[in-house]
Every structure is written in C-alpha cells, then in structure tokens.
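J.: Structure below; questions to follow.
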Amino acid sequence: MDVFESQYDLIQRTRESLFRYCEILSPADYVKEVESLGGNSIRSLHAHVADCYQVWLGIRALGKSLPKIKPESVDNVQEMREVFKKTDALVHEFLNEFKDKWDPTIQAPWQSDSVELTELWLFTHTITHEFHHRGQIVKIGRQLGYIPPKMNLVKP
C-alpha cells in the first residue's frame, strides 16, 4: 500500500462531501463574492485550491507549463468537478514521479527568491492548503444561509 496514494484517496473522498454541499447552493451564491472574506467567492476559492496544486506540483515539481486556473472560466460546481479531475490526474502523476523519492530537494521560485523544498513538503503544503480553504468555503456557505453537514475527514 502506498501511504501517499491512500492519503490522497481520503482527500478526494472528503472533497466529494464539499462538492455535494456546494451543489445545494444556488448558482448565484456559488459565484457570489463575500466581502467579509476578502471579496472571495466559493468558486474563486475552489479555483485557487486547484491552481495551487498546479503551481506547486505541476509547475514547480514536475516542470510543466500549465495555465492559471481563472475562476471566471468555471461557471458552476459541475465544471469545477471537471477542473478537479485534471487536478487529481496531476497529483497522481506527481505521486508516481516521486514515489520513494521524498527527501531530495528541488529549487523552487518563491516570491522574489528561490528556496529548496522537498517533494514531501510540496505534497503536504498543497493538501493542507486545500483544507484551509475548505473551511473558508464552508464559512461563506454558512454566511449565505446554507447549513453544512459535518465536514470531517471521511473515514477509511
């Protein structure tokens, strides 16, 4: 059993519960910008999460050339699910590429500098980043009047 593949499977299954929650939102509320959270919308946070995976794992770790994911290019939750199918494929490519090679460092641009990061750090950063924004998405939904179900990590 590959522990990182298993961990990402839990993340994907947990993400599914967030998608199901977002599907109860009206289309207007999914894209509504909420000032109390910096003018972000649920859609923009979802796009930001997917883009983070692309930047850190696709561009910086795998050396791919990938376009930025722009929130306005995604109209609804179903289209965002499609964005995340591509994200999942990228994560699996990353996990296969760096299987058993988690300690070597790579030079990665960071702000105006360059830092040495391990593949383990890159993977950990992207998944914790997703859960950080998951909480913000649920908070926006709650502010818009949608009561979320329990949003814990799914059980194995």
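What follows draws every value from the coordinates through simple rules; no lab data is involved. Nothing here was measured: the structure is a model prediction, and the numbers come from that model. Here the Cβ is made from the backbone with ideal geometry for all residues, glycine too, and neighbour counts use every protein chain on show.
J.: Over the chain, what is the relative contact order in percent, taking alpha-carbon pairs closer than 8 angstrom and at least six residues apart?
T.: 31
J.: Under a 5 Å amide H to amide H cut-off, with H placed in plane at 1.01 Å, what residues pair with Asn40 once short-range neighbours are removed?
T.: Placed amide hydrogens put Val34 under 5 Å from Asn40.
J.: Which whole-number percent is the relative contact order of segment 1-69 (Cα, under 8 Å, 6+ apart)?
T.: Answer for segment 1-69 is 16 percent.
J.: What list do you get for Lys99, Lys155 if you sort them by fewest beta carbons within 10 Å? List each step's numbers first, then the result.
T.: Values: Lys99 12, Lys155 7.
So the ranking, lowest neighbour count to highest, is Lys155, Lys99.
J.: Quick check: the angle from helix 42-53's long axis to the longest principal axis of the chain, C-alpha only, nearest 10 degrees?
T.: 10
J.: Same structure again: What spacing in nm lies between the two simple spin-label points modelled at His125 and Arg81, each 7 Å away from Cα in the Cβ direction?
T.: 3.1
J.: Please determine, in degrees from 0 to 90 and to the nearest 10, the orientation of helix 119-143 with respect to the longest principal axis defined by the Cα atoms of the chain, where the helix direction is its Cα long axis.
T.: Helix 119-143 sits roughly 0 degrees off the main axis of the chain.
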